[in-house]
1. Probe radius 1.4 Å, ligands and nucleic acids ignored: give me the carbon and sulfur share of the accessible area of the chain as a rounded percent.
2. Please give the contour-minus-distance gain from Thr465 to Tyr329: 0.36 nm per residue of separation, less the Cα-Cα distance, rounded to one decimal in nm.
3. Averaged per residue, what accessible surface does the chain expose to a 1.4 Å probe, in Å²?
4. Between Ser481 and Ser54, how high is the FRET efficiency from 1/(1 + (r/R0)^6) when r is the Cβ-Cβ distance and R₀ = 41 Å? Nearest 0.05.
5. Rounded to the nearest 20 Debye, what is the dipole magnitude of the chain about its Cα centre when Lys and Arg each give +1 and Asp and Glu each give -1 at the C-beta?
6. What is the angle, in °, between the Cα long axis of helix 131-144 and the longest principal axis of the Cα atoms in the chain? Nearest 10 is fine, range 0 to 90.
7. What FRET efficiency comes out for the pair Thr220/Ser509, r = Cβ-Cβ distance, R0 = 60 Å, nearest 0.05?
8. Where does segment 134-246 land on Rg(C-alpha)/(2.2 N^0.38 Å)?
Amino acid sequence: MHRRTALGGALTALATAAAGVLVAAAVSTAPAAAAAGGTGTGYLHTSGSKIVDSTGATVRLTGINWFGMETDNKTFHGLWSSNPWRSQLDTMARLGYNTLRIPYSNDALKAGATATGINDFVNPDLIGLSPLQILDKVIDYAGSKGMRVILDRHRPTSAGQSPLWYTSTVSETTWINDWKMLAQRYAGNTTVIGADLHNEPHAEGTNPAATGACWGCGDTARDWRLAAERAGNAILGVQPNWLIFVEGVSCPSGGLSNVWDNDPSNDEDCGWWGGNLSKAGQFPVRLNVANRLVYSPHEYATSVYRQAWFDDPSYPANMSAIWDKYWGYLYKQNIAPIMMGEFGTTLQDPKDKIWLQNLMAYTGTGVNGMSFTYWSWNPNSGDTGGIANDDWTTINQAKQDILAPYLIPPTGGGGTTSPSPTGTPNTSPAPTTPPPPVTGGCTATYKQINSWSGGFQGELTVKNTGTAAVNPWSATWTWPSGVTLASGWNATVTQSGTTVTAAAPAWASSLAPGASVTVGFTANGTAATPATVKLNGTAC
C-alpha cells in the first residue's frame with residue numbers, strides 16, 4: 001500500500017510502498033541499446049528546465065512506478081500473479097510509459113536478502129535469484145524496450161517511511177555507501193539514468209521543537225537540502241553521468257505548525273510529504289557536476305488526503321497557483337527540470353478526475369512538458385490503486401485515458417504483449433470485412449510461457465517483413481482438435497473450430513513495415529505450437 005496521513009492540519013504524506021536497494025560487489029552490466037526518440041540517446045543531463053540527451057535533444061520522461069522492492073517481499077509486487085513479469089513490462093511500454101521508477105529499501109540490498117511472493121510457474125526464470133539479481137533482469141529487459149530506469153531509495157528498512165534520510169539503525173553512511181554501490185553496479189548502462197535520493201522527507205515534531213526534515217535551516221542533522229548535496233556529490237563522484245533527483249519536504253521548518261499556541265511565528269504553509277520545494281529557489285541544491293539536478297515533487301488527490309484547497313470555492317482554478325508556489329516556479333523560471341515522481345488517485349471522488357485532468361494539463365503537452373512517473377502500476381496501492389487492475393493484466397482505462405495524451409512511448413521495443421485496454425477478455429467476433437493483403441511477407445515466432453495440468457500460456461510474435469503497413473492487421477493460426485482458447489490480449493482473439501484469429505485492436509490497428517506484434521493467450525488442452533500462421537492471409 002501507499003498511504004499518507006495528515007498531521008497538525010498540514011498535508012503530510014506517508015508512502016508505504018516500493019523498494020529495491022543494492023547489495024554486494026559491482027557487476028558488469030552491458031549498456032542498453034540507445035533509444036532514438038522517446039527517451040533519447042545515451043546518458044541524460046539538464047539544460048535550464050529541460051532534460052536533454054547526449055545529442056542535446058529534449059527528452060520528456062513519462063513513466064510509472066512499479067513498487068514492492070521496499071516491502072518485506074524485497075522484490076516487485078505482482079510477480080505472484082498469472083501475468084509474467086516481462087509481459088507486465090511489455091504492457092507498460094505499449095501504453096506509453098517510457099520510464100520505470102523503482103522504489104527500494106536498504107533491506108533489499110543486504111547480503112542474504114531473499115525475494116518472496118513469486119509465482120514459480122509463471123516466472124520460472126526468477127527462481128532462486130536475489131532481489132538484486134531480479135532487479136538486474138528487469139533493468140535489462142526494460143532497456144531492451146527503450147525504457148529508462150530511475151532508482152528510488154524509498155525506505156531505510158522495509159518497516160516503513162522515515163522523515164529523515166537516516167534512522168537509528170540505518171546511518172547516513174549506509175545510505176550513501178549503498179547509493180555508491182548502485183552507481184558502480186550500473187556504471188556504463190544507459191538504461192539507469194539516476195538516483196531519487198530519499199523518498200518523501202517530511203516534518204516531525206511540533207514547532208518550535210521540530211525534529212523532521214527541513215529545507216535551508218542549516219542544521220546538518222535535519223537540513224534535507226544539505227544532505228541531498230552530500231549524497232548527490234558522493235554518487236556523482238562514482239557515476240558523473242547520473243541525474244540526481246531531489247524531492248521536497250512537507251514543511252520547510254521540519255516541524256508541524258502549532259496552531260493552538262496563538263503564536264503565528266510557529267505556523268507555516270506545509271504541503272505533501274516530498275512535495276514542498278518552495279525554498280529550493282532561495283536555497284538550491286549545489287552539485288559538483290553541472291547540469292545533473294532534477295527536482296522531483298510528489299502530488300496527490302483526495303483519495304490520499306482532502307487538502308483544504310480541494311474544497312476552495314474556486315477549485316480547480318486555484319490549483320495552478322498552488323502548484324506554482326510549491327514546485328512549478330522552478331520549471332517556469334527555467335531554474336531546473338521538474339520530474340513529478342509520484343502522483344495518483346483512485347478516481348472515486350469526482351474532484352479527483354478534475355484534479356488529474358488539470359494536473360496533466362499543467363505539466364504541458366509534447367516533449368517540452370514536465371516529466372513524471374505515475375503512482376502506480378500496482379493495483380495494490382491502498383490509497384490510489386493502479387494502472388493495472390487486480391489481475392495484473394488488464395488495465396484501468398479511466399486513468400489511462402487521462403494520462404495517454406501526455407505519454408511519449410519508448411522506442412526500440414516494437415510491438416509487444418499487452419492486455420486489452422478495456423480490462424476484459426477479447427471475445428467479440430472477428431471483423432466481417434476482409435483485411436487487406438500483406439505486401440511482402442511475414443515471420444512468426446512462438447514462445448510457451450507456462451503450462452499446467454489442462455492448459456498453457458503462450459505468446460505468438462508476428463512480424464511484418466513487407467514493404468507497406470498492414471492496416472488493419474489480422475493474424476490466424478490453427479491448433480489441434482481439443483485445444484480451445486481461454487483468453488487473449490493485445491488483440492481481439494477468437495476461435496472457430498481449430499482456427500484462431502487475432503484481429504488488430506482499435507488502439508493499434510496498423511503494423512508498420514519491420515514492426516512486430518505479440519499476441520498473448522491462455523488455452524485449455526495439451527500445450528501446442530500455433531501452426532499455419534498467416535498475416536492477413538499471407539503465410540509466415
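The values are calculated or read from the model by the stated rules, or taken from the named source; none is laboratory data. None of the values given here were measured: they were computed from a predicted structure. With ideal geometry, Cβ positions are generated from the backbone for all residues, glycine too; neighbour counts draw on all protein chains shown. The protein model used for the area step is the full one, side chains on, heavy atoms only, and it has no ligands, DNA or RNA in it. Shrake-Rupley method; radii C 1.70, N 1.55, O 1.52, S 1.80 Å.
1. 54 percent
2. 44.1 nm
3. 34 Å²
4. Taking R0 as 41 Å, the efficiency between Ser481 and Ser54 is 0.15.
5. So the dipole magnitude of the chain works out to roughly 1440 debye.
6. 60 degrees
7. With a Förster radius of 60 Å, E is 0.55.
8. 1.15
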